[in-house]
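Below is one structure, written out as structure tokens, with a few remarks after it.
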Amino acid sequence: MQVSTVTTQLGSVRLSTKQQSSSSSSSSSSSSTVVASNGTAVSDKNTPTSNVPVAPTVAAPEPEIVDPFCNADSPQIITFQDVTSAAFKIRKGVELTPCVKSHFSDLIDMDIYLKKEFLQFTGSFKERGARYALLMLSEEQKKTGVISASLGNHAQGLSYHGWKLGIPVTVVMPLKASLMKIQKCRNYHANVVVQGADMGEAKRIALKMGHDRGLTYINGYDHPHIMSGQGTIGLEIVEQVSDIDAVVVPVGGGGLIAGVATAIKNLSPNTKIIGVESEKCPSFTRALENRGPIFVPNQETLADGLAVPQVGYNAYATTVPLLDKMVVVKEEWIALAILRLVELEKCVVEGAGAAGLAAIMAGHLNEFIGKRVVLLICGGNIDTTMFGKCLERGMAAEGRLQRFTVTVSDGPGGVAKLCNLLASLGVSIKDIMHERAFIRDIHHVEVKVICETRDWEHSKEMRRVLQETYSKVHFYDMPMAISE
């Protein structure tokens with residue numbers, strides 16, 4: 001179904017409720033009773049007293065609010081014309097981001113290009129779909145305003161462009177949303193509601209608020225206009241890079257890959273479309289196994305922008321016929337990819353943005369060695385605290401951050417000798433702690449050290465020297481990127 005056949009509904013339909021039939025029972029008795037607080041029936045003064053217990057009245061559950069544009073029974077598949085229409089309408093409101101050759105091309109036998117969507121004003125690709133969805137509203141809807149649920153990037157894009165277009169925006173963000181992203185939305189003059197344990201609960205809250213206040217709900221990944229807007233990235237990629245063998249797209253709710261795949265497969269049918277998910281939130285992979293979207297409980301992940309518990313019905317239906325491969329990457333590879341992008345590309349990106357590079361580094365895309373691949377770096381909105389954790393985890397994953405325990409003499413200079421030995425090797429000590437109480441030999445002390453080396457070869461040299469010098473040395477688990 002083309003989106004154009006359904007967009008006319010936008011002016012008259014906001015949110016609908018699932019109708020629930022209820023039957024009323026009539027009483028055969030004409031006497032009136034009231035229910036006391038203890039649950040027994042008490043007759044009024046004109047009726048005989050009755051001691052028959054009466055069940056307390058149970059309130060009927062509130063009807064479930066549904067989004068009329070996300071229907072499992074009738075998914076809407078966007079077309080190439082929808083994407084080109086979006087490109088025309090949003091061209092003056094979003095950045096034409098660069099797609100440049102990566103330094104990784106010299107390190108990996110692969111011609112790699114980076115589409116830098118994190119250079120959008122709000123730091124992610126989400127601006128494209130948000131602006132297009134807002135522009136397609138009726139005048140009445142623009143005046144009343146819109147609402148959505150988001151972990152951050154869609155909320156920022158909607159808030160910023162709503163502010164610029166003069167459209168009131170309310171965003172519901174779950175409690176685990178980044179504090180930085182919450183504040184950014186407030187800076188863009190949005191009404192920010194922080195409620196819900198996860199995206200699923202936040203969405204239910206947003207749908208209810210939208211229904212009660214007459215606001216138009218805009219799904220951040222499954223609304224047809226959102227998907228069409230995101231697809232404009234695909235148009236730009238094909239124009240910026242020739243002879244592309246594959247495009248690697250991070251996948252959360254599926255709106256980005258649906259739009260990009262629609263654009264690229266129409267312009268370059270032989271180009272492979274590869275999706276990447278985190279192992280902590282493989283919603284699309286489970287949907288493929290289930291042959292349809294299914295709820296998947298998410299775990300905490302570095303790629304919080306991908307943490308969507310269920311892919312969109314429209315996004316799934318649009319993507320599946322165009323998808324060539326879906327891969328799932330471990331969190332350690334995402335952390336290492338974030339580190340690599342900082343060191344080699346001078347790019348600060350969030351976990352979702354690093355997912356494509358993580359898939360290549362983990363060896364999931366070795367069939368494209370010697371070929372031209374475009375990685376979509378979709379966002380750069382990462383908390384400074386999370387950023388520091390990712391860098392350290394990435395260093396540990398490739399063996400540059402080492403942790404070991406060694407038993408040394410408790411006499412004068414025992415710990416100093418260890419420190420001098422590490423310094424002579426060019427090793428930097430990040431943390432050191434010694435323990436006396438829990439070892440049997442009172443003449444020795446156990447020292448735990450966390451230190452930084454240049455690379456894995458340097459770490460192996462340090463390990464060898466320590467084992468030659470001390471009889472009791474214990475190194476903790478092997479670096480993930482080395483052992484796998």
| message | So, in segment 227-266, exactly how many residues are in contact (Cβ under 8 Å) with a residue 60 or more places away in the chain and surrounded by fewer than 24 Cβ atoms within 10 Å (Cβ to Cβ)? | response | 10
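If you check LYS143 against the conditions, is it under 26 Å from PRO168 (Cβ atoms), exposed (fewer than 13 other Cβ atoms within 10 Å of the Cβ) and at pLDDT 90 or above?
yes
Yes/no per residue for (1) surrounded by fewer than 12 Cβ atoms within 10 Å (Cβ to Cβ); (2) over 14 Å from ALA396 (Cα atoms); (3) touching a Ser or Thr at 6+ places or on another chain (Cβ under 8 Å); (4) hydrophobic (A, V, I, L, M, F, W, C):
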| position | (1), (2), (3), (4) |
| --- | --- |
| SER424 | yes, yes, no, no |
| VAL427 | no, yes, yes, yes |
| HIS434 | no, yes, no, no |
| ALA437 | yes, yes, no, yes |
| LYS448 | no, yes, yes, no |
| ASP455 | yes, no, no, no |
| query | For segment 170-188, what are the residues that are more than 9 Å from SER159 (Cα to Cα), aliphatic (A, V, I, L, M) and not in a helix (DSSP H, G or I)? | reply | VAL172, MET173, LEU175, ALA177
| said: Being closer than 18 Å to GLU367 by Cβ and open to solvent by 10 Å² or more (accessible area, probe 1.4 Å) is the filter here; which residues of segment 328-341 pass it? | reply: VAL328, TRP333
| Does segment 280-299 contain at least one residue that is acidic (Asp, Glu) and either in contact (Cβ under 8 Å) with a residue 60 or more places away in the chain or not in a helix (DSSP H, G or I) (or both)? | no
| query | Counting only residues that are out of contact with any Ser or Thr (no Cβ under 9 Å at 6 or more places or on another chain) and free of Cβ contacts under 8 Å to residues at least 60 places away in the same chain, which one in segment 71-100 is nearest to GLY292 (Cα to Cα)? | reply | ASP73
| said: Looking at LYS417 and the list (1) in contact with a helix residue (DSSP H, G or I) (Cβ under 9 Å, 6 or more places away or on another chain); (2) in a loop (DSSP other than H, G, I, E, B), which single condition is not satisfied? | reply: (2)
| Just one of ARG440, ARG454 is assigned to a loop (DSSP other than H, G, I, E, B) and at pLDDT 90 or above; which is it? | ARG454
| task | Return the residue satisfying two criteria in turn: it lies in segment 313-345 and is at pLDDT 95 or above and part of a loop (DSSP other than H, G, I, E, B), and of such residues it is nearest to ASP455 (Cα to Cα). | result | ASP324
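The values are calculated or read from the model by the stated rules, or taken from the named source; none is laboratory data. As the structure is a computational prediction, the values presented were derived from the model and not from experiment. We place every Cβ from the backbone using ideal geometry, glycine too, and count neighbours over all the protein chains shown. Ligands, DNA and RNA are stripped out before the accessible areas are found, and what is left, the full protein with its side chains, is counted by its heavy atoms. Shrake-Rupley method; radii C 1.70, N 1.55, O 1.52, S 1.80 Å.
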